[in-house]
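What follows is a short report on a single structure.
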Amino acid sequence: MQIIIFGPPGAGKGTQAKKIAEEYEIPHLSTGEIFRSAIKNETPLGKKVKSILDAGDLVPDQTVVDLVEEELKKDKYEDGYILDGFPRTVPQAEAFDEILDSNGKTLDAFLVLEVPEQELVDRILSRGEGRSDDTEEGIKNRLEVYEKETAPVLNYYKEQGKVNAIDGVGSIDEIFSRIKDALEK
Ligand code: AMP
């Protein structure tokens, strides 16, 4: 099962992706986590993307697409995966379609977590993960980048008839149960 979880920063993608991974026994692939771990380990990739993440900007499409393409070659992704934080631009979505195609796979679900905008900032500020991009400036920029670059990805998948909208307000378990209902429909 190939699943994408999508939504603005602070919508709870990472939290729900982890629960989906556990329930359906598929690996969770988070591009943001890969970047944060590369930065922590001071790898060449980490050095390249650190200032981009700190500012809340997007890593160049080619860098992200190459990374995802390489990662998905690992055996553990053979029987499916949950993608979190990718694709984040229309060119990434197009490139991902080609990757799926060349692997002989299709996308099973595109889940969008819907959360009112005023709640997003509060959630990010209160989650206290200590992320270096969780400053007021960083959050503001991430929300702007989301509207401009990432929101159009939703239309891309709407045109493919793949979008499942999930009410992202409520407890973690309530939201997860809506996701399960959508996936098992
Ligand atoms: P996330 O953990 O998904 O919120 O991602 C944290 C940061 O990593 C983002 O603000 C971007 O700087 C970068 N990033 C993660 N995924 C992508 C992507 N698909 N395209 C571009 N930048 C990304």
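The values are calculated or read from the model by the stated rules, or taken from the named source; none is laboratory data. Remember, it's a predicted structure, so these values are computed and weren't measured experimentally. Quick reminder, even Gly has a Cβ in these numbers, built from the backbone with ideal geometry, and neighbours come from all protein chains shown. For the accessible areas, the whole protein counts, side chains as well, though only heavy atoms, and no ligand, DNA or RNA atoms are used. Shrake-Rupley method; radii C 1.70, N 1.55, O 1.52, S 1.80 Å.
Rounded, prolate or oblate: which fits the chain when a ≥ b ≥ c are the square roots of the eigenvalues of the alpha-carbon gyration tensor, with rounded for a/c under 1.5 and prolate only if a/b beats b/c? Rounded is the answer for the chain, as its axis ratio a/c remains below 1.5.
Just the accessible area per residue of the stretch 11-94, please: how many Å² with a 1.4 Å probe?
51 Å²
Legend: distances between Cα atoms for Lys18/Lys40; Lys140/Lys180; Lys19/Lys158; Lys19/Lys48; Lys19/Lys140; pairs beyond 23 Å are Lys140/Lys180; Lys19/Lys158; Lys19/Lys48; Lys19/Lys140.
Considering only protein heavy atoms and a probe of 1.4 Å, how much of the accessible area of the chain is carbon and sulfur, as a whole percent?
Values: 4540 of 9780 Å².
Exposed carbon and sulfur together represent 46 percent of the surface.
Taking a straight line from the alpha carbon of Lys185, these aspartates and glutamates sit under 14 Å away, with near neighbours fewer than eight places off in the same chain left out: Asp108. Mean projection of the Cα convex hull over all viewing directions, computed for the stretch 4-71: 5.1 nm².
Derived scalar couplings between HN and Hα for the stretch 36-44 equal 4, 6, 5, 5, 4, 8, 6, 7, x Hz in order, rounded to whole Hz, by the Karplus curve 6.51 cos²θ - 1.76 cosθ + 1.60 (θ = phi - 60°), x for Gly and Pro.
Phi-derived couplings, Karplus 6.51 cos²θ - 1.76 cosθ + 1.60 at θ = phi - 60°, listed residue by residue for the stretch 130-141: x, 5, 6, 9, 8, 8, 4, 5, x, 5, 4, 5 Hz, with x used for Gly and Pro. Please list the non-local residues whose amide H lies under 5 Å from the amide H of Arg131, H modeled 1.01 Å from N, same-chain partners needing a gap of 5 or more. Residues meeting the amide H criterion: none.
Rounded to the nearest 20, the Cβ-based charge dipole of the stretch 31-92 about its Cα centre (Lys and Arg +1, Asp and Glu -1) stands at 280 debye. Distance between the pseudo-spin-label points of Glu137 and Glu114 (7 Å out from Cα toward the beta carbon): 3.5 nm.
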